[in-house]
Amino acid sequence: MAQYLAAKADHPDAILFFRMGDFYEMFFEDAQRAAPVIGIALTQRGQHGGAPIPMAGVPWHQAEAYLAKLIRAGFKVAVCEQLEDPAEAKKRGSKSIVARGVVRVVTPGTLTEEGLLDARAANRLAACVVSNEGAAIAWADVSTGAFEVRLAAASELEDAVVALAPAELLAVESDSARLTPAAEYAGAALTLRPAVKADAKTAARRIKSAFDVSVLDGFGDFTETELSAMGLLLDYIELTQAGSAPKLAPPRRSTTSAFMAIDAATRGALEIERGTRSGAREGSLLACVDRTVTAAGGRLLSERLAQPLTDVTAINARLDAVAFFVEERDRRRGVREQLKAAGDLARALTRLSLGRGGPRDLAQLRDGLAAGERASALCLGVGGDAPHELVRAGEALSLLSDPACATLVQSLERALAADLPLLTRDGGFIAAGFDATLDDTRALRDDSRKVIAALQAKYAEETGIAGLKLKHNNVLGYHIDCTTKQAEALLRPPLNAVYIHRQTNAGSVRFTTNELVELDAKIARAGQSALARELELFKDFAAQATACERKIRAAADALAALDVAAASAEWAEEANAVRPEVDQSLALLADGARHPVVEAGVRREGLGFTPNDARLDAEGKSGPRLLVVTGPNMAGKSTYLRQIALLAILAQAGYFVPARKLRLGVVDRVFARVGASDDLARGRSTFMTEMVETAAILNQAGARALVVLDEIGRGTATFDGLAIAWSVAEHLHEANQCRAVFATHYHELTRLADKLEAGANAHLRAKEWKGDLVFLHEVAPGAADRSYGIQVAKLAGLPRSAIERAKAVLARLEASGGGVKVEIADELPLFAQVQAETQTSEVEAKLAAINPDGLSPKEALELLYQLKAVAGSAGSDSDR
Ligand code: ADP
């Protein structure tokens, strides 16, 4: 217990998995908290301080599944292993305790196991430090080795955290209040660390030792805040990996200005990576456009959509690669074929270098690198005008330049067996013919087995027992198995001199012979040495892979980049998407643009999507700066707004766009408020949320921003709402002077748009046809003539009486000049009266049900009598 308590004291905030034989046991509060979460029984063992000790255990070979449950439920788990063989401990004395130690703390941000990770999502660990000079976020993906540090203004910190969507966020204790909302928005577990862990000087030392350099200049000129954030991160990785820290790539540096800023509310409204309805990938932009065929490609695309670029040259470099694959369909197909065969290089490599890999990780390296080499040939054999990104990827994937890596692939191709076990300790993963020593021990083992097989016949003859069998189990090893009756002869002289009794069971008796014991031991020894040899070879391969780390990581990045470029081309062809022209202007000029997700949705229902143009220009030259959009509910306003923002995001992510043509001046920030929902978890009503968010927009949007706002100012009294909507529209036009689209129900605003110098109106067309409203989903210049609210209500199935009533109220309101007068309540007839007037009578209902063409003259006459009777009984009052 003392050993347990000491380990627990070092990891008070984690559940301690304490290895005892074949189980990980949990004790005390850990057991009580974890047992219900992972659905195992809580038991008791011994006593501590006079009370029984609560205990729960999981079998070690199933630990991963239980770990996954605990991590998902927000726990951390410290894994305390036996550091020596119990037999070793015994040698020191019968009472000595097996040495144990925590070998790892499993936390949401430091996972590496395939079973614990989502293959298509990055798993980032981020560390934030805020100081007088600003804020810095360092992040790493332990599973792939990516490492980056990003400088941000303190005000941009939350958005930057949300953009990275880390699984776990580290901060010093004093920043807890500041970073809690960011962690919540990003869905990250917040882990607080003591301030000393973010000391810049210690951090510099730590980074130097991690990357084995004497000065940091080679990586860039880091500020103290950046160093602190990196130090906080590296310290935690070391702590959780208990010394065997994974190799990270040298830190990349960037600033938030390199990426389009997209706040959490905008991400939600635009459903970039997650659909709001499902809360998962489904229904999102990412799910809609993702045609990648590898997990790493999926992760890269998700990262690109989450963080579109702002640098025109970099955006164009990505677009060049996509354009190439659009043109070169055969090459695209070839590359995608190769990619399908590639495994997850980066994650396999990390597991191998941490000593957590298995035979299948070696196979992933072999397949990934070999597929990369073939894809490389397709990219490099193009001639002079191949896009830079593809040439770079081709070079990174070519094995010619790296003999060590090429050798590794070749030997893996020969070494690995066709069917690979999950775990190295299961053995049998090295193919025959690869290693002479292994082949020899295996031959020894197999020969002995053959000898044993021959023994069965020999013993049967010797004893005269025809049904004698040789069997094997883990307790006795090889043994002779016969029935009680047959055994009698073996138990008597002379046979009992050779056949040694081992065990009597119900119905069978077991014997062995000296010869058998010897052979059994020989087979076991050969099996053990074969396994030992395999493990040695595995270790050697893992070491070779780790030595080729740089090359393999570069190849993994190149494969992902190729996958994304080819996927964009694939999707572009399917969805009729085009290359956007991105420049430094302040315009957004789209012809025939579509909302990719809504379009896919309506197409699934067999309907068509109506493309629409959009013209915006912050300078007011090639289009208005502020566009006010009106039109009935359900006409397509919010779809139109969102599609404009999505065009910018896709284009700057380096993807093709669903439009006939798009010219886009780089957007540095996009704000979308479409369909605000109550943020009740944070104690705010819809209106309050909307105002907080609107405040953020008016305070932050600069000339390069793109703002799309849907129905600001609902949720309060009409005049208040109109006044707010009015002032917000005016502020965007006059003060922010950015590209903005504003959808509203307040028709008064259309007059404002006409009056403003760079304002304009547009509306979504709808028409009435046979008393019903038909949406054309078509954007036309000018304001909508009416809002058609009552017609939409009718379409939604409001009772006829309520519709008639609304029409009457509307007519009076309009007649009174738009002002809401108290007298209206007195002037209008009562609801009950209107309801009676509009109710369908029994006669009407009967008439409606008649099909005159299907009636015989006799039936018609009968019906007439019935109707007359109903009319008579209902009385003349209600049946006019
Ligand atoms: P609003 O914001 O005006 O209430 P929405 O944008 O939510 O309307 O659109 C309502 C529905 O109309 C969408 O769910 C979609 O099915 C359909 N829709 C919208 N725009 C188009 C379009 N351009 N072409 C075809 N259908 C559309």
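Would you order 215, 779 from fewest to most other beta-carbon atoms within 10 Å of each residue's own beta-carbon?
Lowest count first: 215, 779.
Put +1 on the Cβ of each Lys and Arg and -1 on the Cβ of each Asp and Glu in the range 347-399; which of 379, 352, 365 then has its Cα farthest toward the positive end of the dipole?
Looking along the dipole axis, the top candidate is 352.
Return 79, 629, 692 ranked ascending by Cβ neighbour count within 10 Å, so the fewest neighbours appear first.
692, 79, 629
What does the extension gain come out to for residue 212 and residue 748, with contour length at 0.36 nm per residue minus their alpha carbon separation?
Full extension of this stretch gives 186.3 nm more.
How do 645-652, 311-318 rank on mean C-beta neighbours within 10 Å, highest first?
Going by the mean number of other Cβ atoms within 10 Å, highest first, we get 645-652, 311-318.
Dipole magnitude of the chain about its Cα centre, charges +1 at Lys/Arg Cβ and -1 at Asp/Glu Cβ only, in debye to the nearest 20?
Its charge dipole is roughly 1900 debye.
May I ask you to derive the FRET efficiency for residue 426 and residue 132 from their Cβ-Cβ distance with R0 = 56 Å, giving the value to the nearest 0.05?
About 0.50, to the nearest 0.05.
Name the residue from 189, 210, 167 whose Cα lies farthest towards the positive end of the charge dipole of the range 163-225, charges +1 on Cβ of Lys and Arg and -1 on Cβ of Asp and Glu.
210
When 27, 775 are ordered from fewest to most other Cβ atoms inside 10 Å of their Cβ, what list results?
Neighbour counts put them in this order, fewest first: 775, 27.
Separation between the residue 2 and residue 518 pseudo-spin-labels, each 7 Å from Cα along Cα→Cβ, expressed in nm?
It is 5.0 nm.
Enter the angle in degrees (range 0 to 90, nearest 10) between the Cα long axis of helix 63-72 and the first principal axis of the Cα atoms of the chain, meaning the one along which they spread out most.
Roughly 30 degrees between the two axes.
Could you order peptides 29-42, 361-374, 752-765 by the average number of other Cβ atoms within 10 Å of their residues, highest first?
Listed from highest to lowest mean packing, they are 361-374, 752-765, 29-42.
Taking the Cα-to-Cβ direction at residue 202 and at residue 686 and moving 7 Å from each Cα, how far apart do the two end points lie in nm?
Once both label points are built, they end up 5.0 nm from each other.
Sequence neighbours fewer than 8 away in the same chain don't count; with that in mind, list the lysines whose C-alpha is under 17 Å from residue 767.
Those lysines meeting the cut-off are 637, 794.
For residue 795 and residue 32 in one chain, what is 0.36 nm times their gap in residues minus the Cα-Cα distance, to one decimal in nm?
Separation in residues times 0.36 nm, less the Cα-Cα distance, equals 269.2 nm.
In whole Hz, what ³J(HN,Hα) sequence does the range 742-756 give by Karplus (6.51, -1.76, 1.60; θ = phi - 60°), x for Gly and Pro?
3J(HN,Hα) across the range 742-756, in whole Hz: 10, 9, 8, 9, 7, 5, 4, 5, 5, 5, 4, 4, 5, 7, 5.
Which whole-Hz couplings ³J(HN,Hα) result when phi for each residue of the range 598-615 is put into the Karplus expression 6.51 cos²θ - 1.76 cosθ + 1.60, θ = phi - 60°, listed in order with x for Gly and Pro?
Listing the rounded values in order: 5, 4, 4, x, 5, 5, 4, 8, x, 9, x, 10, 8, x, 9, 8, 8, 10 Hz.
In nm, to one decimal, how far is the modelled label at residue 340 from the one at residue 103, with both set 7 Å along Cα→Cβ?
Distance between the two pseudo-spin positions: 3.9 nm.
For residue 619 and residue 22 in one chain, what is 0.36 nm times their gap in residues minus the Cα-Cα distance, to one decimal in nm?
Here the answer is 207.8 nm.
Taking amide H positions as placed 1.01 Å from N in the peptide plane, with prolines and chain starts having none, which residues 5 or more places from residue 778, or on another chain, fall under 5 Å of its amide H?
Those lying under 5 Å, H to H, from residue 778 are 765.
Once phi is turned into θ = phi - 60°, what whole-Hz ³J(HN,Hα) does the Karplus curve with 6.51, -1.76 and 1.60 give for every residue of the range 200-209, x standing for Gly and Pro?
Each residue's phi maps through the Karplus curve to give 5, 5, 4, 4, 4, 5, 4, 5, 4, 6 Hz.
5 Å is the cut-off here: which amide hydrogens, built 1.01 Å from N in the peptide plane, fall below it relative to residue 428, excluding neighbours closer than 5 in sequence?
none
All of the numbers you see were taken from the coordinates with simple rules; none came from a lab. Just so it is clear, the model here is predicted, and its values are computed rather than measured. Please note: Cβ atoms are built from the backbone with ideal geometry, for glycine as well, and neighbour counts cover all protein chains shown.
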